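Visitor: I have a structure I would like to understand better, so I am pasting it below and will then ask my questions one at a time.
Values quoted throughout were computed directly from the atomic coordinates according to the rules given, and no laboratory measurement underlies them. Source: prediction; values computed, not measured. Here Cβ is always computed from backbone atoms with ideal geometry, including for glycine, and neighbour counts include all displayed protein chains.
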Amino acid sequence: MTQRTTQPAAHPPTTRRASGQGSEPGPTPTGESRLALVRRARRIDRELAVTYPDARAELDFATPLELLVATVLSAQTTDVRVNATTPVLFARYPTAAAYAGAEPAALEEILKPLGFFRAKTRAVIGLGQALVERFDGEVPPRLDDLVTLPGVGRKTANVVLGNAFGVPGITVDTHFGRLARRFGWTTSDDPVKVEHEVGELIPKRDWTMLSHHVVWHGRRVCHAKRPACGACPVAAWCPSYGVGETAPDAAAKLVKQGPPR
């Protein structure tokens, strides 16, 4: 991870409403002007892009079907475990029809390391059947179609659209939602509201990479229980600075390098 030296704020940064901005629509989560919020959000994303130049989906895949299946399997487990399991899975079941006709016992044996393997077996078989019956065995490149598939919600659909089809989407997982609230981009716990509210701050073309930047930061620095505020590259623009460890040396020890496990 490339760390960019940033002078941390001594306390959560405050913002002032710019002259002439009082007529902007609606209050912002932090009380700053809408223009200030947009500028701050985009500045944070730019800094995270510098910090994580290799940010990407951390699930290994070669086709839209592989990414769809891997994302469904990633529930309640780590990407590392999924990546260790999918090479055998993808080789044995290369098409939606193969999943649709899979023997549950054989599939369960492969998926055992992921936990909840019986439920995941049913989900993958059902997914294959739906793709065969309704989409000629192909993964549809539209959100409205993807979310009709069993086990596929907006989060999974946006992962597939953004990373397999190049269609911009914001993926609101646990990390993204937590950081969006800490950054003052939203106050909502509803993933759909978070997606829409953050989408109003960042240009659409940047949505997919924004998701990667924020998720990587959440996994490596801005942890749920003890964020490494003193080692954070966006501390100067974060209204939640100070909720975690602020001493630089102590914070640096909290930073996780490489893929989370």
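Visitor: Considering every pair of different Cα atoms, what Kirkwood radius, in Å, is found for the chain?
Guide: About 19.7 Å for the chain.
Visitor: Taking 0.36 nm per residue of separation and subtracting the Cα-Cα distance, what length does fully extending F116 through F165 add?
Guide: 14.8 nm
Visitor: If the range 172-261 were replaced by its equivalent ellipsoid, with semi-axes equal to the square roots of 5 times the Cα gyration tensor eigenvalues, what would those be, largest first, whole Å?
Guide: Ellipsoid half-lengths, sorted descending, are 23, 14, 11 Å.
Visitor: Let me ask something additional. Taking only DSSP H segments of four or more residues, each worth -39500 (n - 2.57), what value at 222 nm results for the chain once the sum is divided by all its residues, to the nearest 500 deg cm²/dmol?
Guide: When only DSSP H runs of four or more count, the value is -14500 deg cm²/dmol.
Visitor: Continuing with the same structure: Counting other Cβ atoms within 10 Å of each Cβ, which chymotrypsin sites (Phe, Trp or Tyr not before Pro) in the range 128-179 have at most 13 and sit in a DSSP loop?
Guide: Sites meeting the loop and neighbour criteria: none at all.
Visitor: Under the 0.36 nm per residue contour assumption, what length would be gained going from the current alpha-carbon distance of K256 and T78 to full extension?
Guide: 62.6 nm
Visitor: Next question. Using only the Cα atoms of the range 60-180, what do you get for the radius of gyration and for Dmax, in Å?
Guide: Just the Cα atoms of the range 60-180 yield Rg and Dmax of 13.6, 42 Å.
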